[in-house]
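Worksheet: the structure to be examined is printed underneath.
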Amino acid sequence: MKDSYGRKIEYVRISVTDRCNLRCIYCMPEHGVTWRPREEMLTYEEIVRLTGILAAMGVKKVRLTGGEPLVRPKLHRLVGALKAVPGIDQVMLTTNGLLLKEMLPKLMEAGLDGVNISLDTTDADQYAFLTRSSPKTLQTVLEAVDAALSYPQLTVKINCMPMRGINEENLRDLADKAKDRPLAVRFIEMMPLGQGCGFEPVPEDEVKQKLGISGTMSEKTGESAGGPCVYYRPEGFRGKIGFISAVSHKFCSGCNRVRLTGEGFLKTCLQSSAGVDLKAILRGGQSPEEVDIKLKSAIEAAIAKKPKEHHFGAKETEETAETRKMFQIGG
Ligand code: SAM
Ligand code: SF4
């Protein structure tokens, strides 16, 4: 399935919930968040059905996200069902890691291929500040990283957002987590969306400088397959360091993804409100055959109109700018 700019769409990020067991300061307000009623969220059966249609149209890779995906009960069942969808090669998860260690055996049995764990710092007090939790919480996440690495078949990545005046002096310590282990530590540029607007990102070049990553000291291992991350392997490292800078190093021309929100809206660009309400079609009361035909043509029409690129910060696009928050989209 290609969009009107010739980009092949092979990847869907599915948000399974807007709820979360943390309150990261750059993602969620501390108070006053109203959750979508459960009946408005897609059921696992609906998610699997939509994934089946997307897979038949060329999607191969699924990432489950949220809110915190592991707060949704029995997520391993969804992982197993998605792995069984013909055409789906990889099912992965993005999580804050709090519930990961206890859930891993079931997730692995269901066939999970990869896990991205969000961790912005190795300093317990900083972690508590960023996530509005207790300093003890960091240890739970570090144990989840170790537990994930104990499965050699699982791809394990840490995602960190460097923020000016907050975690910028801790980045080297975080990168060192990849020194002796087959782990990717990725530095992701904060995007000016929702709560994230209140934070200043640390530019990629500055982070590289702090980590001592330069042409002479590191082997550039190239771009990830079909993804926006550029990886480096610093000298002596077993793991690797990656950079994803959506705003300063725009990669829209190679974008291969769409997003499905928890309430069933297919988003064709992170920053734009463009897309289509698939839940309305799914629950439209027609025969399953008619629904399948309508879903397919609605998806085709939405992908044909996938925006060429994001316009973070550009005033002229305010009309189409996304108003959903990051915890409602899934990152
Ligand atoms: N709760 C899970 C987690 O934290 O990994 C999954 C959902 S969370 C919204 C997905 C990712 O979005 C996290 O890695 C988080 O750091 C990132 N994120 C949140 N706000 C962001 C922003 N403004 N710009 C870029 N990434 C952001
Ligand atoms: Fe929750 Fe993830 Fe948002 Fe943090 S970034 S509040 S863990 S959804």
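Carbon and sulfur together cover what percent of the accessible area of the chain at a 1.4 Å probe radius? Intermediate results must be reported in sequence, preceding the final value.
Numbers: 7540 of 14850 Å².
Roughly 51 percent, rounded to a whole number.
Quote to one decimal, in nm, the extra length available between residue 136 and residue 57 on full extension: 0.36 nm per residue of separation minus the C-alpha distance between them.
On the way: separation 79, 0.36 × 79 = 28.44 nm, distance 4.51 nm.
Fully extending the segment from residue 136 to residue 57 adds 23.9 nm.
Per-residue accessible area for residue 231 at 1.4 Å probe radius, Å² rounded to 10?
Its heavy atoms expose roughly 10 Å² to the probe.
Just for the chain, what percent of DSSP beta bridges are antiparallel, to the closest 5? Could the numbers behind the result be given before it?
On the way: 16 of 47 bridges.
Roughly 35 percent of the beta bridges in the chain run antiparallel, per DSSP.
If you build the convex hull over the alpha carbons only and average its shadow over all orientations, what do you get for segment 242-301? Give it in nm² to one decimal.
Working: hull surface 21.4 nm².
Mean projected area for segment 242-301: 5.4 nm², to one decimal.
Please report Rg over Rh for segment 1-109, where both radii come from the alpha carbon positions and Rh follows the Kirkwood definition. Each step should come with its number before you reach the end.
Numbers: Rg = 15.1 Å, Rh = 15.1 Å.
Reported Rg/Rh, Kirkwood definition of Rh: 1.00.
Computed from the mean reciprocal separation of all distinct C-alpha pairs, what Kirkwood hydrodynamic radius does segment 29-79 have, in Å? Let's see the in-between values first.
Working: mean 1/r = 0.0776 Å⁻¹.
After inverting the mean inverse Cα-Cα distance, the result is 12.9 Å.
Working from the alpha-carbon coordinates of segment 82-130, get Rg over Rh, Rh being the Kirkwood radius. Don't skip to the end; give the middle numbers.
Numbers: Rg = 14.1 Å, Rh = 12.6 Å.
Using Cα coordinates only, the ratio equals 1.12.
Of 142, 104, which has the most accessible area with a 1.4 Å probe, and how do the rest follow in descending order? Spell out each step's value before the answer.
Values: 142 35, 104 0 Å².
From most accessible down to least: 142, 104.
Once you keep just the Cα pairs under 8 angstrom separated by 6 or more residues, what percentage relative contact order results for segment 64-113?
Working: 46 pairs, mean separation 24.4, N = 50.
Averaging sequence separation for qualifying contacts and normalising by length gives 49 percent for segment 64-113.
Hey, got the Cα dimensions of the chain along the principal axes, in Å, largest first?
Its Cα atoms span 58, 45, 41 Å along the three principal axes.
Quick check for you: with a 1.4 Å probe and neighbouring chains kept, what is the accessible area per residue of the chain, in Å²?
Numbers: 14850 Å² over 331 residues.
Ligands and nucleic acids excluded, the result is 45 Å² per residue.
At a probe radius of 1.4 Å, what is the per-residue accessible area of residue 310, in Å² to the nearest 10?
Residue 310 exposes around 20 Å² with every protein chain in place.
Taking 8 Å as the Cα distance limit and 6 or more residues as the minimum spacing, I'd like the relative contact order of the chain as a percentage. Working shown, then result.
Working: 648 pairs, mean separation 67.4, N = 331.
Once divided by the residue count of the chain, the mean separation gives 20 percent.
I'd like the orientation of helix 137-149 relative to the chain: the angle between its Cα long axis and the longest Cα principal axis, in ° from 0 to 90, rounded to 10.
The two axes meet at around 80 degrees.
Output the 0 to 90 degree angle, nearest 10, between the alpha-carbon long axis of helix 288-304 and the longest principal axis computed from the alpha carbons of the chain.
The angle comes out near 50 degrees.
Once you have the Cα-Cα distance between residue 249 and residue 173, take 0.36 nm times their residue separation minus that, and quote the gain in nm to one decimal. Before the final figure, lay out each step's value.
On the way: separation 76, 0.36 × 76 = 27.36 nm, distance 2.46 nm.
Roughly 24.9 nm would be gained on extension.
Could you tally the net charge around residue 35, taking each other residue with its Cβ under 14 Å from the Cβ of residue 35, Lys/Arg +1 and Asp/Glu -1?
Working: positive: 19, 23, 36, 38, 72, 324, 325; negative: 18, 39, 40, 68, 263.
Result for the local shell: +2.
Ordering 95, 323, 122 by accessible area with a probe of 1.4 Å, largest first, what comes out? Write down the numbers at each step before the final one.
On the way: 95 0, 323 115, 122 25 Å².
Sorted by accessible area, descending: 323, 122, 95.
How many Lys pairs in segment 141-276 lie less than 16 angstrom apart by Cα atoms, where the lysines are 8 or more positions apart or on different chains?
Here the count comes out as 14.
The values are calculated or read from the model by the stated rules, or taken from the named source; none is laboratory data. Just so it is clear, the model here is predicted, and its values are computed rather than measured. We place every Cβ from the backbone using ideal geometry, glycine too, and count neighbours over all the protein chains shown. The area values use the complete protein model at the heavy-atom level, side chains included, leaving out ligands, DNA and RNA. Shrake-Rupley method; radii C 1.70, N 1.55, O 1.52, S 1.80 Å.
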